[in-house]
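The structure appears below as structure tokens.
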Amino acid sequence: MHDFIVTVGEEKRIVSVTNNHIVLDGKKLAVELSKVNKHLYLLRLDNKVFEVTTTKLSNEKYSFLVTGNYFETTVRTSLREKAVEYLNQKQRLSRNDIIKAPMPGLLLKLKKKTGDKVEMGESIAILEAMKMENDIISPATGIIKEVNKKEGMSVEKDEIILKIE
Amino acid sequence: MFKKILIANRGEIAVRIVKACREMNIISAAIYSDADKNALHVRTADEAYHVGNSPASESYLDVNKVLTIAKKISADAVHPGYGFLSENAEFINSVGEAGITFIGPSAESVKLMGEKTAARRLMEKSKVPIVPGTVNPIQSIEEGKEIAEKIGYPVMLKAAAGGGGKGMRKVFSSDEFSNAFERAKNESKKAFSDDNIYIEKFIENPKHIEVQILGDQFGNYIHLYERDCSVQRRHQKVIEEAPSAFVDEETRKHLTTAAINAAKACNYFNAGTIEFLMDENKDFYFLEMNTRLQVEHPVTEMITGIDLVKEQIKIAAGEKLKIKQNEFTNKGFAIECRVYAEDVDNNFAPSIGTIIHHRLPSGPGIRVDRGIDLQTEVSVYYDPLLSKLIAWGKTRDEAIARMKRALGEYQIAGVITNMGACRWVLNHPKFLDSSFTINFIDEEFLSLQPGEWKNNISQEINDVVTVMAALLKAEENKLMPSKYNCSGNNNWDSEEDA
């Protein structure tokens, strides 16, 4: 028997996969699986067959599209989940606010430099994406600890622009 | 009639134009940038020519490169689609000078309507109601503030050369004026190489209602009814429908008459759209004229049965309009959802990637105009529009029901799309009773907690996703019990099922 912790949105659920059945949060399910191709599976749950479109996003993340509903899930073995939780907790204690690029684009303007004060809600940079100028708003009040990018640079999604302490 | 048309565009609209050409036995020639090597419009067209590097400014927007190809391949006409060079008067002139026909209006009409302040002056003269504000660009921040004070905040700052929401800012008070003005100027300069800005009074909670017209080169005009395009995010349309359930017969008469007057005022020919803002009293104001084919043209085609792209080609070839106003009417209702590659939960950020799975919806009343297929690349270089899903029904309710069904059938993997959010809109009471305005997304959608719009997703579907995630991980970790291990075969495994 193998236990997996699946996170969908904020919700964490436990799935046990055994040789004979699948147990979801303690409830036994009648499940059958058929693979159409790498990105399309058929999953039978009771008397209903679902077409599930899937993409592997990273080692622990899959996205799914089911009857027009899109989901991103994180899935870990229960052991791995415990380890990650422990690490997160440790990190939270010494956490700095990290400003990441919310989308790929061109860093048009950086309004702050290292050592500057910043207020929560203040615009700290302008990112141009798809020809639109987007303000990047500070999620915290503090002091700029580190600036990782320069004006005029293009950034990928989730690249760190600067850090606030 | 033309023998070969160069399509100076990409994506779904280029594919749409190829289809019209094929039905008319005209050779279609596509152009493509590096990023679009495998794009659907390249696969679909009769001929395809490399135009340049991936950035639009070095490919689809490069007048010289596009023109050089048109001449080299002996195209006798150029269809610009929408966006890119479609409303570029210089391009239209250069095409004409090369002895090639531009499928669209004259450069003069485009210039007149593209310069928003000139257009406002002309409309005022032609008795087409305009939004109160300036009919000339603002010279300085001081002048702007004075005018804004006079007509009353909030006001809109708009690019005189603009469109599509670029170079546009709403200003609530004089404190915000100078910052917004500079920002609008910058955006406008970048998007249109022109930084002239004018002021309009901000109309509270209007609808965006537009009228499709067709005119030939002999002064004959018809209108093809209105479209309601009020469901917008960041001034970009998302869901459009025709006709508008908000517009009554009396208003429709005034609206379509104003639209034809607007077209006549600039000696317009080919397909064009006159956009209006309509307030809750059904009073309407001229917003701008789009001197080209619109993204949302299919909803009009669905309710009138008229193929707008073919009509465009025939008009450009010098034919007279064969359709008379009294020979057709609007039948039923059509809705379009623009399927964008974007993450609505992450501030509508564009989602890029390769399309790794694609299955189209089908069935009664469904049409898809698409620019993607398997292995096409969705890049940062272009608009994130992937395809357009269009549903027709005898009644508006039927059109909505068909659209919701089709949104459930449409499968795209490789990028995140806005389809789930489109369905949320279609279930919203304000959409259902047609009371939605251009502020609908801002007020009803953006005010929700992150992910809250997904709350009505059934527990069953949540279960399916959760189990799938666990099974895929088990398979990957080679922990999959043989009962579920289906790699390489498609059999339902039911032998030992209890």
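The values are calculated or read from the model by the stated rules, or taken from the named source; none is laboratory data. Bear in mind the structure is a predicted one, so any value in this text is a computation, not a measurement. Positions of Cβ are generated from backbone atoms using ideal geometry, with glycine treated the same way; all protein chains shown enter the neighbour counts. In case anyone asks, the SASA skips ligands and DNA or RNA and just uses the protein heavy atoms, side chains included. Shrake-Rupley method; radii C 1.70, N 1.55, O 1.52, S 1.80 Å.
Placing pseudo-labels 7 Å out from each Cα toward the beta carbon at B:A98 and A:T18 gives an inter-label distance of 7.2 nm. Pairs of Cα atoms nearer than 8 Å and 6+ residues apart set the relative contact order; for chain B it is 13 percent.
Using just the Cα positions, wrap the range B:245-383 in a convex hull and report its mean projected area in square nanometres, one decimal place. If you can, show how the numbers build up before the last one.
Details: hull surface 48.0 nm².
For the range B:245-383, averaging the hull's shadow over all directions gives 12.0 nm².
Here the Kirkwood formula puts the hydrodynamic radius of the range B:4-103 at 12.9 Å, using every distinct Cα pair. Ordering B:S28, B:T354, B:A161 by the projection of their Cα atoms onto the charge dipole of chain B, which places +1 on the Cβ of Lys and Arg and -1 on the Cβ of Asp and Glu, puts B:S28 at the extreme positive end.
A simple rule links phi to the HN-Hα coupling: the Karplus curve 6.51 cos²θ - 1.76 cosθ + 1.60 with θ = phi - 60°, which for the range A:145-150 gives 9, 7, 10, 9, 10, 10 Hz, with x for Gly and Pro. Proximity of backbone amide H atoms, modeled 1.01 Å from N, is registered between B:N9 and B:I31 at under 5 Å, excluding neighbours fewer than 5 places apart on the same chain. log10 I(q)/I(0), Debye, Cα-only chain B, no solvent, q = 0.07, 0.11, 0.13 Å⁻¹? Each listed q corresponds, in turn, to -0.40, -0.97, -1.35. Between B:K394 and B:S434, the modelled label-to-label distance comes to 1.9 nm, taking each label 7 Å out from Cα in the direction of the beta carbon. Any idea which of A:M120, A:P102, A:N148 is furthest toward the positive side of the dipole for the range A:97-164, if Lys and Arg beta-carbons carry +1 and Asp and Glu beta-carbons -1? Selected residue: A:N148. The sum of -39500 (n - 2.57) across all DSSP H runs of n ≥ 4, divided by the residue count of chain B, sets its helix-only mean residue ellipticity at 222 nm to -10000 deg cm²/dmol. Cross-link reach is defined here as a Cα-Cα straight distance under 18 Å, omitting same-chain residues fewer than 8 places apart; for B:K3 the lysines meeting it are B:K19, B:K71, B:K72, B:K310, B:K314. Evaluating 6.51 cos²θ - 1.76 cosθ + 1.60 at θ = phi - 60° for every residue in the range B:17-28, the Karplus couplings come out as 6, 4, 4, 4, 4, 4, 5, 9, 6, 10, 6, 9 Hz, glycine and proline recorded as x. Using only alpha carbons, the range A:97-164 has a radius of gyration to Kirkwood radius ratio (Rg to Rh) of 0.93.
For the residue pairs A:K27/A:K61; B:K282/B:K320; A:K82/B:K483; A:K112/B:K185; B:K145/B:K253, the alpha carbons lie more than 26 Å apart in B:K282/B:K320; A:K82/B:K483; B:K145/B:K253.
When only the Cβ of Lys, Arg, Asp and Glu is charged (+1, +1, -1, -1), the dipole of chain B relative to its Cα centre reaches about 1340 debye.
Treating r as the C-beta distance of A:Y86 and A:E122 and R0 as 35 Å, the FRET efficiency rounds to 0.55. Cα-Cα pairs above 23 Å in the range B:190-307: how many percent? The proportion of pairs with Cα distances above 23 Å equals 30 percent.
For A:K56, the solvent-accessible surface with a 1.4 Å probe is about 100 Å², rounded to the nearest 10. Listed values for the range A:50-65 are Karplus-derived 3J(HN,Hα) couplings in whole Hz (6.51 cos²θ - 1.76 cosθ + 1.60, θ = phi - 60°), namely 10, 8, 10, 8, 9, 9, 8, 8, 7, 4, 10, 10, 10, 10, 9, 10, and x replaces Gly and Pro. Remark on A:D97: its backbone amide H falls under 5 Å from those of A:I164, a criterion applied only to residues 5 or more positions apart or on other chains, H modelled at 1.01 Å from N. Summarising the amide proton neighbourhood of A:I124: residues at separation of 5 or more, or on other chains, whose placed amide H is nearer than 5 Å comprise A:I136, A:I137, A:S138.
Solvent-accessible area of chain B (1.4 angstrom probe, protein heavy atoms only): carbon and sulfur portion equals 47 percent. Computed over chain A, relative contact order equals 16 percent, with contacts defined as Cα pairs under 8 Å that lie 6+ residues apart. Projection of the Cα convex hull of the protein assembly as shown, averaged over all directions and equal to a quarter of that hull's surface, yields 31.1 nm².
Above 29 angstrom, tally the Cα pairs of chain A and express them as a % of all pairs, no decimals. Considering chain A, 43 percent of its Cα-Cα pairs are separated by more than 29 Å.
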